[in-house]
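Working notes, beginning with the structure itself.
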């Protein structure tokens, strides 16, 4: 069994009046454990990591690790386009007790494939935890190609990938190049989670799990049991909600939905702004259809 599998929540970071809401963050971790979430990914994109201070970034991960207390694994967001900063975040996460690290490709710098390899190798060689490569060309502009991932997979602590490319042929190609049984393929898109698992994936890092953890966990359990028709049927029911999480810039949708559940405020940090009333109404209706509220 892979350490990271099933439904891993791309955890929102709760704010209150501009500050980190530590009590709400603690409640979120406990709520996810109680509702079947298989792993927590704090301080990633959905956790608004670009607008967290270095101190807040470390504090979020520390709180999550301490509350989770090894009951479920924590994959700490530690990525940066500055590899020195990425190493710093990684070392802080290890001190807090994280079980793995999520590192995004070098956004904005736009390195070539050699540069991407050098970035990840630099971080790998100066840290001790398993590293998951986050490939999201839509945000990072650069794309970790299968040959580059295969080369990275030769490094012992490159443990897997979070794939948000939307290319469902990608895991098939990568699996022809990477022969390690312990390499972990995770979907980075809720909408593709079932299809990705058909191609060899073992889980999803999910935005929707912020508000529907039981249902996303159930989808993943069904795929693990090869109950593909049942998984597809449940995924069909979730598709509207998956889409609404990204109708306006994320994580505004997830945070509004979480506020309806009484988990935290809907507050995001600029440049993410509040949802339109129309999108709010659609999210509320979709949650009612799924009997989440």
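Rank the residues 155, 263 as a footprinting-exposure proxy: fewest other Cβ atoms within 10 Å of their Cβ go first.
Ranking 155, 263 by Cβ neighbours within 10 Å, fewest first, gives 155, 263.
Considering only C-alpha atoms, what is the centroid distance from segment 124-161 to segment 201-237, in Å?
Computed from Cα coordinates, the inter-centre distance equals 25 Å.
Sorted by mean Cβ packing within 10 Å, highest first, what order do the peptides 142-149, 98-105, 65-72 take?
By packing density, highest mean first, the sequence is 98-105, 142-149, 65-72.
Using a 10 Å cut-off on Cβ atoms, rank the peptides 28-36, 107-115, 213-221 from the highest mean neighbour count down.
Top of the packing list down: 213-221, 28-36, 107-115.
With a ≥ b ≥ c taken as the square roots of the eigenvalues of the C-alpha gyration tensor of segment 83-169, please select rounded if a/c is under 1.5 and otherwise prolate if a/b is larger than b/c or oblate if it is not?
prolate
For the chain, what is the relative contact order in percent, using Cα pairs closer than 8 Å and at least 6 residues apart in sequence?
18 percent
Set the Förster distance to 35 Å, then compute FRET efficiency between residue 108 and residue 226 from the Cβ-Cβ distance, nearest 0.05.
The computed FRET efficiency comes out at 0.25.
Sorted by packing (mean other beta-carbon atoms within 10 Å per residue), highest first, where do 252-258, 284-290 land?
252-258, 284-290
Ranked by Cβ crowding within 10 angstrom, fewest neighbours first, how are 90, 206 ordered?
Listed from fewest to most nearby Cβ atoms, that is 90, 206.
By its C-alpha gyration tensor, with a ≥ b ≥ c as the square roots of the eigenvalues, how is segment 6-228 shaped: rounded for a/c under 1.5, else prolate for a/b larger than b/c, else oblate?
In terms of gyration-tensor shape, oblate.
Would you work out the Kirkwood radius for segment 145-293? I mean one over the mean of 1/r across all pairs of different Cα atoms, in Å.
16.5 Å
Every number here is computed from the coordinates shown, using simple stated rules; none is lab data. The shown structure was predicted, so the numbers you read here are calculated from the model rather than taken from an experiment. Reconstructed Cβ throughout: ideal geometry from the backbone, glycine too, with neighbour counts over all protein chains shown.
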